[in-house]
Amino acid sequence: MTFPRVRTIFSFGLLACATVALTPLGCGATVRQLAQQDDRPRVPDATAERLRACVDELGGELRGGYYTFDVTVKVDEDGHVADVESKGVPHTELATCMRIALRGMTVPEELLRLRKLRLSESTAPPAERGLVGHPALVVVAIALADLIIEAAPIVVVIAASVEIGKSEIAEAGRKKKDDICTAHLKDCLMSDLAGKRGEHWRATLCYACHKQCRPNKEWPKKPIPLGDELVSCQY
């Protein structure tokens, strides 16, 4: 059995009625979960906070409106995140930030137990029994409750699912290395440079450097223009 994925068109009024708030995670963007999806496992609070921080920091660069971030988190049978696939956010830095947040997710034990339960059910649908040509390599997909992150004038819906499979399947995703710009961004976010202001007061300098890296596939070695000054991207 799989949880149906529900897509809802919100208005601000309906959004307030159709969601239940998690503990407000900061003084900017807030995170909510659809009340109709209480039967689904939730994104862990720590990961929800990281996702909220991404929207709080970079969402101001999006036009006002609603955005759906479809994401699949690929996990091995031991609960280690191997890969994250996503689509739906028309902003490279924001999408990258959210993928990094999900790569660091601690997979709840309930999801691993649910996988074992699904595999033990003899009535499991063929799609959950294995990949074509690999009957022993079983993948179970579990839809998580949607997260709604509000940062007026935008709303970002994070529609996440977790695919839990044999270690051999997860290893294939793990071998897909990050591109050089994303790899540098991850390191930059762990450095002192992350505390320096970027293109606006909520954004870190690391994202401005990442934006400069993308066209040339090389992390800036020389200072980059930022406002009225040149700043270094070396961390």
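The values are calculated or read from the model by the stated rules, or taken from the named source; none is laboratory data. Values in this document were obtained by computation on a predicted structure and should not be read as measured data. Please note: Cβ atoms are built from the backbone with ideal geometry, for glycine as well, and neighbour counts cover all protein chains shown.
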Check your understanding: Could you say whether any residue in region 203-224 is farther than 18 Å from Leu94 by Cα, in a loop (DSSP other than H, G, I, E, B) and in contact with a Leu (Cβ under 6 Å, 6 or more places away or on another chain)?
Key -> yes
Revision key, fill the gap. With the first residue restricted to region 77-93 and required to be not assigned by TED's automatic domain parsing to the domain that holds Cys213 and buried (at least 16 other Cβ atoms within 10 Å of the Cβ), and the second required to be among the aromatic types (Phe, Trp, Tyr) and assigned to a helix (DSSP H, G or I), Cβ contacts under 7 Å at 6 or more apart or on different chains are Glu93/Tyr207
Revision key, fill the gap. Out of (1) out of contact with any Ser or Thr (no Cβ under 8 Å at 6 or more places or on another chain); (2) part of a helix (DSSP H, G or I); (3) of a type outside the set (A, V, I, L, M, F, W, C), the one Thr182 does not meet is (1)
Practice item. Six or more apart or on different chains, Cβ under 6 Å: which pairs go from a residue in region 181-209 that's free of Cβ contacts under 8 Å to residues at least 40 places away in the same chain to one that's aromatic (Phe, Trp, Tyr) and surrounded by fewer than 16 Cβ atoms within 10 Å (Cβ to Cβ)? Could you list them? Key: none
Review point. For region 83-98, does any single residue satisfy the condition of being assigned to a strand (DSSP E or B), more than 19 Å from Asp146 (Cα to Cα) and not hydroxyl-bearing (Ser, Thr, Tyr)?
Key: yes
Practice item. Just name the residue that is modelled with the lowest pLDDT out of those in region 225-235 that are assigned to a loop (DSSP other than H, G, I, E, B) and either at positive phi or touching a helix residue (DSSP H, G or I) at 6+ places or on another chain (Cβ under 9 Å) (or both). Key: Gly227
Exercise for review: Please list, ordered by first then second residue, the pairs with beta carbon atoms under 7 Å, 6 or more apart or interchain, first in region 100-115 and touching a residue at least 12 places away in the same chain (Cβ under 8 Å), second among the hydroxyl-bearing types (Ser, Thr, Tyr).
Suggested key: Ala101/Thr47; Leu102/Thr47; Met105/Thr47
